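Comments concern the structure below.
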C-alpha cells in the first residue's frame, strides 16, 4: 500500500486540475439541470468523504458518526431557510403565524429560544462552522485525552449518531421530527428552487469542495499531516517524541467535522430539505464506504469514489430498489478484499504508468515532431474513462 | 556538589496486581555517564525505563531528573524536559522516508497548530543531515523507512532521539537482531553520542556491554543486586548465580 501513501505531490496537483475540469466544466456541459442538481447532491457527500481521508485514511481514526456533523451543518442552514419561509404573511392560516409550520402542528405557540438567532444569515454561516467544530472538540477531548481509540472510538461516534438522530425524531416540535425541515424556498429573497439558482449553487458547492480538497492536501503536506501518518502507525513513538497526541487527533477531528458541516449546508441549499435520515448510522457508514471505494489515502479518489458509488446507486436503485443495499454491501467487501487502496490505488497501479509513458512519449514527440504525431490522442481518452472513473 | 545529579531514583516501586515488578529501587546516573542495566528476563529492566519515561506510573518512590520530578509529569512533558527513549522493537514510521522520520522528531512545532505552520528551514535540514551522518544513514535519506534493514531501523530510531538532543537517552536492547559488524558500529556510535549526555542502555550481549559500559547495574526481581564496573559485577557471586550462570 505504500505506493499510494507517498509522494503524491505532483500527481495530486494534476489530480486537482482534472477534478476541477470534470466537475466545473464537463459535468455542467454534459448533463441537464436535473441531473446536475443530483450530482451537486452527491458532491455534498464528497465533503464527508474528503474529511474521512484526513481523519481515517491518514490519521487512522475511524469515525462512524460523520453524519452528525453533516446533519448539524445541514440543520443550521435549514433553520435559517425555514424561518425565512415562515414569515407571518405566508403562514397566516396557522394558529400562530410566523413560526415554522411543523411547530404549529405540534401546538407550539412561540419560536423556541435557540431558533431565534437563525433569523440572521451571518449567525447561520458562523453556526455552520462553529457548532460542529465545538461539538467535535468536546467529543475529541473527552475521547482522545482518555486514550479512547480504534474500535471503541468508532462505536462511540456511532452511538452519538444514533443519539442525535433519535433526539431529532423525538423532538418533533422543535426539529420537524422524522420528516425533517422541508418546504425551503428562499435565501434573502433569492429563490433557491429556480434553475438558475441551482446552477449557481452547483458551482458554489463545487468551488467549496475543491477548496476543501486543496485545504486537506495542504494539511497533509505539513508536519501536522506527517505526524497524523506517524501516529496512525506508532502512536507511542509520537507520544514519546514529545507530542501531546490527543491534541493532534482532536484538531484533525474538528477539521473533518467542519468540512462535513459545509457539505451538509450545501446539501440543504441544493436539495431543499434536511432530515434525520442524513444524520444517523446508515448514512455515516455509507460515507465511509465512499471513501473506501475512492481510496482512503487519496482526497481526489474520495471525490471520484463518492460519485461512482452514487451513480451506481441511482442506476441500480431505479431498476432494482430492493437489491441495492446488498449490492452496496458486496461492493464494500469487494473493495476491501480486492483493491484496498480503492480507485486511487487502481490508478496508481495501472493508470499512472500509462500517464508517465504518455508524458515521456509526448516530450519525445516534441523533440522529433514527425515521429509520433497521431499516437497520443487515443490513450488519453482511454485513460480518462479507464483510470479515473474506475 | 554544585549541580543536580542527572537522574536520582529513590525507593521506586510499582506493582501489577500484587506482583512487584520494581521494588524499592535506588538508582543514580551521573552526567556524561553511560550506564548499562543487565539482568535476567522479568528482572524489571524495561519496566524501569517505562517508569522513567512515564509510560507506567509508579506506585511509590521518586524519580528526579535534574530539577524535575518525573513521577508527576505527563509523557510528552517528560520528553520535552530532555528524556528520550528507544523502544525494544524498532519504533519508526515505516510509511515515511528516513529524512521525514528525522524531521518529525525535530523539537519545534510540537503543538497541533505549531505543526500545521512548521517551516522546514535551513537549520532543520542541517540537523537532519548531521544526525543522519551520525547514525550512518546519510546515503539513505530519501529511502522509505520500511525498506531499511533491521539494524538500520534501530539506528534510525536512535537518530530520531538525537534530533531532540536529549540530556538523558534510554535505549532498550539497541543491538538486538544486529549482525556482528553492525554491533561493532553501534558500540562506536554509542560511545560517540554519550560524550555530552547521560545514556542508559539495557542489553543482554555481554561482549557488547563490555565495550560500552562505564558502569553496570544488575537487576533481579525488581531490585538492584550489584552495581559497579564490569569486572566487579561479573565477579560477583550473586550475579553469577542469577544471571551469568545461565
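The values are calculated or read from the model by the stated rules, or taken from the named source; none is laboratory data. Please read all numbers here as calculations on a predicted model, not as lab measurements. Ideal geometry is used to build each Cβ from the backbone, glycine not excepted, and the neighbour counts take in all protein chains shown.
Considering the conditions (1) out of contact with any helix residue (DSSP H, G or I) (no Cβ under 7 Å at 6 or more places or on another chain); (2) touching a residue at least 12 places away in the same chain (Cβ under 8 Å), residue B:181 is excluded by exactly one of them, (2).
With the structure loaded, tell me whether residue B:102 is modelled with pLDDT under 95 and crowded, with 21+ Cβ neighbours inside 10 Å or whether it fails that test.
Numbers: modelled with pLDDT under 95: no; crowded, with 21+ Cβ neighbours inside 10 Å: yes.
No: the conditions fail for residue B:102.
Of all residues in the range A:180-202, those being assigned to a helix (DSSP H, G or I), surrounded by 14 or more Cβ atoms within 10 Å (Cβ to Cβ) and touching a residue at least 24 places away in the same chain (Cβ under 8 Å) number 4. Scanning the range A:235-247 for residues that are buried (at least 23 other Cβ atoms within 10 Å of the Cβ), at the interface with chain B (Cβ under 7 Å from one of its Cβ atoms) and closer than 12 Å to residue B:115 by Cβ yields A:241, A:243. Taken together, A:37, A:106 contain a single residue that is closer than 19 Å to residue A:263 by Cα, in the same structural domain as residue A:158 (by TED's automatic domain parsing) and surrounded by fewer than 24 Cβ atoms within 10 Å (Cβ to Cβ), which is A:37. Residues of the range A:203-224 that are touching a residue at least 12 places away in the same chain (Cβ under 8 Å) and buried (at least 21 other Cβ atoms within 10 Å of the Cβ): A:205, A:206, A:209, A:212, A:213, A:216, A:217, A:220, A:224.
Among the residues in the range B:55-74, are any more than 13 Å from chain A (Cβ to nearest Cβ) and within 12 Å of the chain's Cα centre (by Cα)? No, there is no match, as no residue in the range B:55-74 is more than 13 Å from chain A (Cβ to nearest Cβ) and within 12 Å of the chain's Cα centre (by Cα). The set of residues in the range B:63-93 being in contact with a strand residue (DSSP E or B) (Cβ under 8 Å, 6 or more places away or on another chain) and surrounded by fewer than 18 Cβ atoms within 10 Å (Cβ to Cβ) consists of B:64, B:69, B:81, B:88.
Just one of the numbered conditions (1) closer than 18 Å to residue B:41 by Cα; (2) buried (at least 18 other Cβ atoms within 10 Å of the Cβ) is not true of residue B:161: (1).
Only one of B:210, B:238 is in contact with a helix residue (DSSP H, G or I) (Cβ under 8 Å, 6 or more places away or on another chain) and in a helix (DSSP H, G or I); which? Please lay out each step first, then the result.
Details: B:238 fails: in contact with a helix residue (DSSP H, G or I) (Cβ under 8 Å, 6 or more places away or on another chain).
None of the others qualify; the one that does is B:210.
Report yes if some residue within the range A:166-177 is in a helix (DSSP H, G or I) and at positive phi; otherwise report no. There is at least one residue in the range A:166-177 that is in a helix (DSSP H, G or I) and at positive phi. Quick check: anything in the range B:19-34 surrounded by fewer than 17 Cβ atoms within 10 Å (Cβ to Cβ) and without any contact (Cβ under 8 Å) to a residue 12 or more places away in the chain? Within the range B:19-34, one or more residues are surrounded by fewer than 17 Cβ atoms within 10 Å (Cβ to Cβ) and without any contact (Cβ under 8 Å) to a residue 12 or more places away in the chain. Among the residues of this structure, residue B:122 counts as one that is more than 14 Å from chain A (Cβ to nearest Cβ) and surrounded by fewer than 14 Cβ atoms within 10 Å (Cβ to Cβ).
Just to check your reading of the model, which residue among A:48, A:53, A:131 is touching a residue at least 40 places away in the same chain (Cβ under 8 Å), surrounded by fewer than 20 Cβ atoms within 10 Å (Cβ to Cβ) and in a helix (DSSP H, G or I)?
Values: A:48 fails: surrounded by fewer than 20 Cβ atoms within 10 Å (Cβ to Cβ); A:53 fails: surrounded by fewer than 20 Cβ atoms within 10 Å (Cβ to Cβ).
Testing whether each residue is touching a residue at least 40 places away in the same chain (Cβ under 8 Å), surrounded by fewer than 20 Cβ atoms within 10 Å (Cβ to Cβ) and in a helix (DSSP H, G or I) leaves just A:131.
When restricted to residues that are in a helix (DSSP H, G or I), within 22 Å of residue A:241 (Cα to Cα) and more than 14 Å from chain A (Cβ to nearest Cβ), the range B:161-191 contains 3. Of all the criteria given as (1) in contact with a helix residue (DSSP H, G or I) (Cβ under 9 Å, 6 or more places away or on another chain); (2) modelled with pLDDT under 85; (3) under 27 Å from residue A:37 (Cβ atoms), the one not satisfied by residue A:340 is (3). Filtering the range B:144-160 for residues that are more than 20 Å from residue B:179 (Cα to Cα) and at the interface with chain A (Cβ under 9 Å from one of its Cβ atoms) leaves a non-empty set.
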